[in-house]
Amino acid sequence: MNKSKVLIVGGTGYLGKRLVKASLSEGHETYVLYRPEIGVDIEKVQLLLSFKEQGCKLVSGSFNDHMSLVNACKLVDVVICAISGVHIRSHQILLQLKLVDAIKEAGNIKRFLPSEFGTDPARMGHAMEPGRVTFDDKMEVRKAIEEAGIPFTYISANCFAGYFLGGLCQPGFIIPSTHSVVLFGDGNVKGIYVDEDDIAMYTIKTIEDPRTLNKTVYIRPPENIQSQREVVQIWEKLIGKELHKSSISAEQFLTLMEGQSYEEKVGMTHYYHVCFEGCLTNFEIGEEDVEACNLYPQIKYTTVHEYMKRYL
(Lines give C-alpha, C1' and ligand atoms only; values in the text may rest on other atoms or scores of the structure.)
Protein backbone atom coordinates (compact mmCIF):
# COMPACT_ATOMS: atom_id res chain seq x y z
CA MET A 1 0.00 0.00 0.00
CA ASN A 2 1.28 3.45 -0.90
CA LYS A 3 1.86 5.61 2.11
CA SER A 4 0.00 8.88 2.46
CA LYS A 5 1.56 12.08 1.21
CA VAL A 6 1.87 14.53 4.10
CA LEU A 7 1.86 18.33 4.18
CA ILE A 8 3.24 19.91 7.34
CA VAL A 9 2.29 23.50 8.05
CA GLY A 10 4.56 25.17 10.59
CA GLY A 11 7.36 22.77 9.77
CA THR A 12 10.15 25.06 10.94
CA GLY A 13 8.76 25.39 14.46
CA TYR A 14 9.60 23.67 17.73
CA LEU A 15 7.34 20.68 17.11
CA GLY A 16 7.01 21.09 13.35
CA LYS A 17 10.62 20.22 12.58
CA ARG A 18 10.21 17.04 14.61
CA LEU A 19 7.07 16.13 12.67
CA VAL A 20 9.01 16.54 9.43
CA LYS A 21 11.72 14.18 10.72
CA ALA A 22 9.18 11.61 11.91
CA SER A 23 7.21 11.73 8.66
CA LEU A 24 10.33 11.13 6.59
CA SER A 25 11.50 8.33 8.89
CA GLU A 26 8.15 6.58 8.44
CA GLY A 27 8.53 6.70 4.66
CA HIS A 28 5.94 9.34 3.82
CA GLU A 29 6.39 11.66 0.88
CA THR A 30 6.63 14.84 2.91
CA TYR A 31 5.84 18.38 1.88
CA VAL A 32 6.61 21.44 3.99
CA LEU A 33 4.71 24.65 3.47
CA TYR A 34 6.89 27.72 3.47
CA ARG A 35 5.49 31.20 3.43
CA PRO A 36 6.81 33.97 1.15
CA GLU A 37 6.60 36.21 4.23
CA ILE A 38 9.62 34.36 5.62
CA GLY A 39 11.68 37.39 4.56
CA VAL A 40 15.26 37.28 5.82
CA ASP A 41 14.75 34.74 8.59
CA ILE A 42 17.95 32.94 7.71
CA GLU A 43 17.59 30.21 10.34
CA LYS A 44 14.22 29.14 8.93
CA VAL A 45 15.57 29.24 5.38
CA GLN A 46 18.53 27.07 6.36
CA LEU A 47 16.19 24.63 8.08
CA LEU A 48 13.98 24.44 5.00
CA LEU A 49 17.02 23.73 2.84
CA SER A 50 18.06 20.95 5.22
CA PHE A 51 14.58 19.46 4.87
CA LYS A 52 14.99 19.53 1.11
CA GLU A 53 18.32 17.72 1.37
CA GLN A 54 16.60 15.02 3.43
CA GLY A 55 14.00 14.45 0.72
CA CYS A 56 11.22 16.90 1.58
CA LYS A 57 9.41 18.87 -1.05
CA LEU A 58 8.99 22.56 -0.30
CA VAL A 59 5.74 24.17 -1.38
CA SER A 60 5.03 27.88 -1.26
CA GLY A 61 1.80 28.97 0.40
CA SER A 62 0.46 31.83 2.46
CA PHE A 63 -2.45 32.29 4.82
CA ASN A 64 -3.03 35.51 2.88
CA ASP A 65 -3.41 33.62 -0.40
CA HIS A 66 -6.33 31.18 -0.33
CA MET A 67 -5.56 29.48 -3.65
CA SER A 68 -1.96 28.84 -2.66
CA LEU A 69 -3.25 26.86 0.34
CA VAL A 70 -5.79 25.01 -1.83
CA ASN A 71 -3.08 24.08 -4.35
CA ALA A 72 -0.77 22.89 -1.58
CA CYS A 73 -3.52 20.69 -0.12
CA LYS A 74 -4.21 19.14 -3.53
CA LEU A 75 -0.68 17.72 -3.55
CA VAL A 76 -1.18 15.51 -0.51
CA ASP A 77 -3.48 13.18 1.43
CA VAL A 78 -2.88 14.37 4.99
CA VAL A 79 -2.37 17.85 6.44
CA ILE A 80 -0.71 18.35 9.83
CA CYS A 81 -0.60 21.84 11.28
CA ALA A 82 1.92 22.75 13.97
CA ILE A 83 1.71 26.54 14.05
CA SER A 84 2.28 28.04 17.46
CA GLY A 85 -0.40 28.31 20.09
CA VAL A 86 1.98 29.50 22.80
CA HIS A 87 1.56 33.16 23.65
CA ILE A 88 5.16 33.72 24.76
CA ARG A 89 6.19 32.73 21.22
CA SER A 90 3.29 33.58 18.90
CA HIS A 91 -0.38 32.65 19.13
CA GLN A 92 -1.72 31.84 15.66
CA ILE A 93 -4.33 29.16 16.27
CA LEU A 94 -7.19 30.92 14.46
CA LEU A 95 -5.14 31.19 11.25
CA GLN A 96 -6.10 27.54 10.85
CA LEU A 97 -9.63 28.61 9.91
CA LYS A 98 -8.15 29.67 6.56
CA LEU A 99 -6.52 26.26 6.27
CA VAL A 100 -9.86 24.59 7.00
CA ASP A 101 -11.43 26.59 4.16
CA ALA A 102 -8.64 25.50 1.81
CA ILE A 103 -8.94 21.83 2.79
CA LYS A 104 -12.69 21.98 2.27
CA GLU A 105 -12.28 23.46 -1.21
CA ALA A 106 -9.48 21.06 -2.19
CA GLY A 107 -11.78 18.15 -1.37
CA ASN A 108 -9.11 15.44 -1.34
CA ILE A 109 -7.73 15.45 2.20
CA LYS A 110 -8.17 12.13 4.01
CA ARG A 111 -7.09 13.44 7.41
CA PHE A 112 -6.40 16.80 9.05
CA LEU A 113 -4.49 17.12 12.31
CA PRO A 114 -4.82 20.69 13.59
CA SER A 115 -2.38 22.35 15.93
CA GLU A 116 -3.35 20.96 19.35
CA PHE A 117 -0.66 18.80 21.02
CA GLY A 118 -1.32 19.95 24.59
CA THR A 119 -4.20 19.80 27.06
CA ASP A 120 -7.43 18.57 25.49
CA PRO A 121 -9.41 21.82 24.97
CA ALA A 122 -12.72 19.94 25.07
CA ARG A 123 -12.07 19.29 28.78
CA MET A 124 -11.17 22.90 29.61
CA GLY A 125 -14.52 24.65 29.50
CA HIS A 126 -13.88 25.74 33.09
CA ALA A 127 -10.47 27.28 32.35
CA MET A 128 -9.62 30.67 33.83
CA GLU A 129 -8.97 33.90 31.99
CA PRO A 130 -6.79 34.79 30.25
CA GLY A 131 -5.42 31.29 29.61
CA ARG A 132 -8.73 29.95 28.35
CA VAL A 133 -8.22 31.81 25.05
CA THR A 134 -5.95 28.97 23.92
CA PHE A 135 -8.65 26.36 24.51
CA ASP A 136 -11.47 28.54 23.14
CA ASP A 137 -9.56 29.15 19.91
CA LYS A 138 -8.77 25.46 19.48
CA MET A 139 -12.44 24.59 20.00
CA GLU A 140 -13.40 27.15 17.37
CA VAL A 141 -11.06 25.42 14.91
CA ARG A 142 -12.50 22.01 15.87
CA LYS A 143 -16.03 23.32 15.25
CA ALA A 144 -15.05 24.51 11.77
CA ILE A 145 -13.37 21.19 10.94
CA GLU A 146 -16.37 19.14 11.99
CA GLU A 147 -18.93 21.41 10.35
CA ALA A 148 -16.95 21.14 7.11
CA GLY A 149 -17.01 17.33 7.34
CA ILE A 150 -13.23 17.07 7.24
CA PRO A 151 -11.81 13.79 8.62
CA PHE A 152 -9.63 14.59 11.63
CA THR A 153 -7.44 13.37 14.44
CA TYR A 154 -6.81 15.51 17.53
CA ILE A 155 -3.57 14.91 19.43
CA SER A 156 -3.51 15.61 23.16
CA ALA A 157 0.15 15.32 24.11
CA ASN A 158 -0.09 16.90 27.56
CA CYS A 159 3.17 18.61 28.67
CA PHE A 160 6.12 19.13 26.36
CA ALA A 161 9.04 17.70 28.34
CA GLY A 162 11.40 20.52 27.42
CA TYR A 163 9.16 23.17 28.93
CA PHE A 164 8.12 21.29 32.05
CA LEU A 165 10.91 18.88 32.98
CA GLY A 166 13.62 21.37 32.10
CA GLY A 167 12.32 23.74 34.73
CA LEU A 168 11.26 21.11 37.27
CA CYS A 169 7.70 22.15 36.42
CA GLN A 170 8.33 25.81 37.31
CA PRO A 171 7.19 28.45 34.80
CA GLY A 172 9.96 30.66 33.49
CA PHE A 173 12.70 28.04 33.81
CA ILE A 174 13.90 25.52 31.22
CA ILE A 175 17.15 24.33 32.83
CA PRO A 176 16.82 22.44 36.15
CA SER A 177 18.36 24.05 39.21
CA THR A 178 20.94 22.18 41.26
CA HIS A 179 20.11 24.25 44.33
CA SER A 180 16.41 24.88 44.93
CA VAL A 181 12.86 24.37 43.67
CA VAL A 182 9.45 25.84 44.41
CA LEU A 183 6.70 23.22 44.71
CA PHE A 184 3.09 23.85 43.73
CA GLY A 185 1.25 23.19 46.98
CA ASP A 186 2.52 19.86 48.27
CA GLY A 187 3.91 18.98 44.84
CA ASN A 188 1.90 15.77 44.64
CA VAL A 189 -0.49 16.57 41.77
CA LYS A 190 0.21 14.32 38.79
CA GLY A 191 1.17 15.63 35.37
CA ILE A 192 2.13 13.88 32.12
CA TYR A 193 5.41 14.72 30.38
CA VAL A 194 6.23 13.66 26.84
CA ASP A 195 9.45 13.95 24.85
CA GLU A 196 8.83 16.17 21.83
CA ASP A 197 10.34 13.66 19.40
CA ASP A 198 8.01 11.01 20.80
CA ILE A 199 5.03 13.34 20.30
CA ALA A 200 5.99 13.67 16.66
CA MET A 201 6.40 9.92 16.15
CA TYR A 202 3.10 9.02 17.80
CA THR A 203 1.42 11.73 15.71
CA ILE A 204 2.72 10.35 12.43
CA LYS A 205 1.69 6.83 13.43
CA THR A 206 -1.94 7.97 13.72
CA ILE A 207 -2.40 9.44 10.26
CA GLU A 208 -3.25 6.19 8.45
CA ASP A 209 -4.69 4.32 11.42
CA PRO A 210 -8.46 3.77 11.16
CA ARG A 211 -8.61 3.46 14.96
CA THR A 212 -7.73 7.16 15.30
CA LEU A 213 -10.07 8.56 12.64
CA ASN A 214 -12.32 11.33 13.99
CA LYS A 215 -11.01 10.76 17.51
CA THR A 216 -8.84 12.40 20.14
CA VAL A 217 -5.58 10.55 20.73
CA TYR A 218 -4.12 11.03 24.20
CA ILE A 219 -0.39 10.43 24.69
CA ARG A 220 0.01 9.08 28.23
CA PRO A 221 3.31 7.21 28.67
CA PRO A 222 2.71 5.26 31.90
CA GLU A 223 6.16 5.90 33.38
CA ASN A 224 5.82 9.62 32.67
CA ILE A 225 2.71 10.22 34.76
CA GLN A 226 4.57 11.88 37.60
CA SER A 227 3.99 14.55 40.21
CA GLN A 228 6.25 17.59 40.44
CA ARG A 229 7.72 16.15 43.64
CA GLU A 230 8.52 12.88 41.83
CA VAL A 231 10.20 14.79 38.98
CA VAL A 232 12.33 16.63 41.54
CA GLN A 233 13.25 13.34 43.24
CA ILE A 234 14.39 11.88 39.90
CA TRP A 235 16.59 14.93 39.37
CA GLU A 236 17.99 14.76 42.89
CA LYS A 237 19.01 11.13 42.38
CA LEU A 238 20.71 12.05 39.10
CA ILE A 239 22.75 14.87 40.63
CA GLY A 240 23.30 13.12 43.96
CA LYS A 241 22.05 16.10 45.91
CA GLU A 242 18.86 17.18 47.65
CA LEU A 243 17.40 20.51 46.57
CA HIS A 244 16.14 23.14 48.98
CA LYS A 245 12.35 23.09 48.70
CA SER A 246 9.82 25.81 49.33
CA SER A 247 6.19 25.87 48.25
CA ILE A 248 3.61 28.24 46.87
CA SER A 249 -0.12 27.89 47.49
CA ALA A 250 -2.76 28.21 44.79
CA GLU A 251 -3.83 31.56 46.24
CA GLN A 252 -0.26 32.87 46.28
CA PHE A 253 0.27 31.70 42.70
CA LEU A 254 -2.84 33.54 41.49
CA THR A 255 -1.72 36.67 43.30
CA LEU A 256 1.71 36.39 41.66
CA MET A 257 0.04 36.20 38.26
CA GLU A 258 -1.55 39.62 38.70
CA GLY A 259 1.71 41.48 38.15
CA GLN A 260 2.68 39.63 34.96
CA SER A 261 2.27 40.53 31.30
CA TYR A 262 -0.72 39.19 29.35
CA GLU A 263 1.42 36.55 27.63
CA GLU A 264 2.89 35.38 30.92
CA LYS A 265 -0.56 35.25 32.53
CA VAL A 266 -1.78 32.95 29.76
CA GLY A 267 1.08 30.52 30.36
CA MET A 268 0.77 30.70 34.14
CA THR A 269 -2.93 29.92 33.91
CA HIS A 270 -2.05 26.71 32.10
CA TYR A 271 0.48 25.82 34.80
CA TYR A 272 -2.21 26.43 37.41
CA HIS A 273 -4.62 23.99 35.79
CA VAL A 274 -1.92 21.33 35.33
CA CYS A 275 -0.05 21.63 38.62
CA PHE A 276 -2.78 22.60 41.09
CA GLU A 277 -5.93 21.09 39.51
CA GLY A 278 -4.39 18.05 37.85
CA CYS A 279 -6.38 18.66 34.66
CA LEU A 280 -4.30 16.14 32.68
CA THR A 281 -4.94 13.18 34.94
CA ASN A 282 -8.28 13.79 36.69
CA PHE A 283 -10.29 11.86 34.10
CA GLU A 284 -10.38 8.48 32.39
CA ILE A 285 -10.16 8.22 28.63
CA GLY A 286 -13.60 7.30 27.32
CA GLU A 287 -14.45 4.57 24.83
CA GLU A 288 -14.85 7.15 22.07
CA ASP A 289 -11.16 8.13 22.28
CA VAL A 290 -7.84 6.28 22.34
CA GLU A 291 -4.39 6.28 23.98
CA ALA A 292 -1.24 6.27 21.86
CA CYS A 293 1.00 4.05 23.99
CA ASN A 294 -1.65 1.32 23.90
CA LEU A 295 -2.07 1.69 20.13
CA TYR A 296 1.66 1.66 19.37
CA PRO A 297 3.47 -0.41 22.01
CA GLN A 298 6.37 -0.88 19.58
CA ILE A 299 7.45 2.72 20.20
CA LYS A 300 9.97 2.91 23.03
CA TYR A 301 9.15 6.27 24.53
CA THR A 302 11.62 8.41 26.45
CA THR A 303 11.04 8.24 30.20
CA VAL A 304 11.28 11.22 32.55
CA HIS A 305 14.49 9.74 33.95
CA GLU A 306 16.04 9.37 30.49
CA TYR A 307 14.98 12.87 29.52
CA MET A 308 16.42 14.44 32.67
CA LYS A 309 19.79 12.75 32.15
CA ARG A 310 20.51 15.06 29.23
CA TYR A 311 20.78 18.01 31.65
CA LEU A 312 23.70 16.45 33.54
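When Lys17, Lys138 are compared by accessible surface with a 1.4 Å probe, the order from highest to lowest is Lys17, Lys138.
Only helical DSSP H runs with n ≥ 4 go in: add -39500 (n - 2.57) per run for the chain, normalise by residue count and round the 222 nm mean residue ellipticity to 500 deg cm²/dmol.
Working: 12 runs with 113 residues, N = 312.
The helix-only estimate for the chain comes to -10500 deg cm²/dmol at 222 nm.
Evaluating kT/(6 pi eta Rh) at 25 °C and 0.890 mPa s, with the Kirkwood radius of the range 169-312 over Cα pairs in the Stokes-Einstein relation, gives 145 µm² s⁻¹.
Determine the dipole magnitude for the chain: charges of +1 sit on the beta-carbon of Lys and Arg, -1 on that of Asp and Glu, nothing else is charged, the reference point is the Cα centre, and the result goes in debye to the nearest 20. Kindly include the intermediate steps, with their values, before the conclusion.
Numbers: 33 positive and 40 negative charges, 159 e Å.
Rounded to the nearest 20 debye, it is 760 debye.
For the chain, modelled as a GNM whose springs connect Cα atoms under 10 angstrom apart, the maximal fluctuation among Asp41, Asp186, Asp77 occurs at Asp41.
Pop the C-beta distance of Glu43 and Glu287 into the FRET formula with R0 = 45 Å and round what comes out to the nearest 0.05. Don't jump to the answer; show the numbers that get you there.
Details: r = 44 Å, r/R0 = 0.99.
Efficiency, rounded to the nearest 0.05: 0.50.
With all protein chains kept in place, the per residue accessible area of the range 210-312 amounts to 53 square angstrom at a probe of 1.4 angstrom. Residue pairs exceeding 23 angstrom between C-alpha atoms, taken from Lys17/Lys300; Lys52/Lys104; Lys205/Lys300; Lys17/Lys57; Lys21/Lys300: Lys52/Lys104.
Between Tyr311 and Arg123, the simple spin-label model (points 7 angstrom out along Cα→Cβ) gives 2.5 nm.
When GluC sites (Glu not before Pro) are flagged only if DSSP places them in a loop and at most 15 other Cβ atoms lie within 10 Å, the longest unflagged stretch of the chain comes out as 1-241. Just report the Cα centroid separation between the range 167-227 and the range 90-111, whole Å. Centre-to-centre distance over Cα atoms comes out at 27 Å. Note on the chain: with a GNM built from Cα contacts shorter than 10 Å, the maximum mean-square fluctuation among Val182, Val45, Val232 falls on Val45. Computed in the context of the full set of protein chains, the accessible area of the chain at 1.4 Å probe radius has 51% of its extent on carbon or sulfur. Compute the distance from the alpha-carbon center of the range 258-312 to that of the range 116-146, in whole Å. Each part reduced to its Cα centre gives a spacing of 15 Å. For the chain, excluding the exposed loop sites themselves (chymotrypsin sites (Phe, Trp or Tyr not before Pro), DSSP loop, at most 16 other Cβ atoms within 10 Å), the longest remaining stretch covers 15-172. Once the cut-off is 33 Å, how many percent of the Cα-Cα pairs in the chain end up in the long-distance tail? Above the 33 Å cut-off, the chain has 25 percent of its Cα pairs. Taking 0.36 nm per residue of separation and subtracting the current Cα-Cα distance, fully stretching the chain between Tyr262 and Ser177 would add 28.0 nm.
Distance between the 7 Å Cα→Cβ label points at Asp101 and Ala250: 4.2 nm.
The values are calculated or read from the model by the stated rules, or taken from the named source; none is laboratory data. This structure is a prediction, so every number in the text was calculated from the model and none was measured. Reconstructed Cβ throughout: ideal geometry from the backbone, glycine too, with neighbour counts over all protein chains shown. Remember, those area values only see protein heavy atoms, side chains included, never the ligands or the DNA or RNA. Shrake-Rupley method; radii C 1.70, N 1.55, O 1.52, S 1.80 Å.
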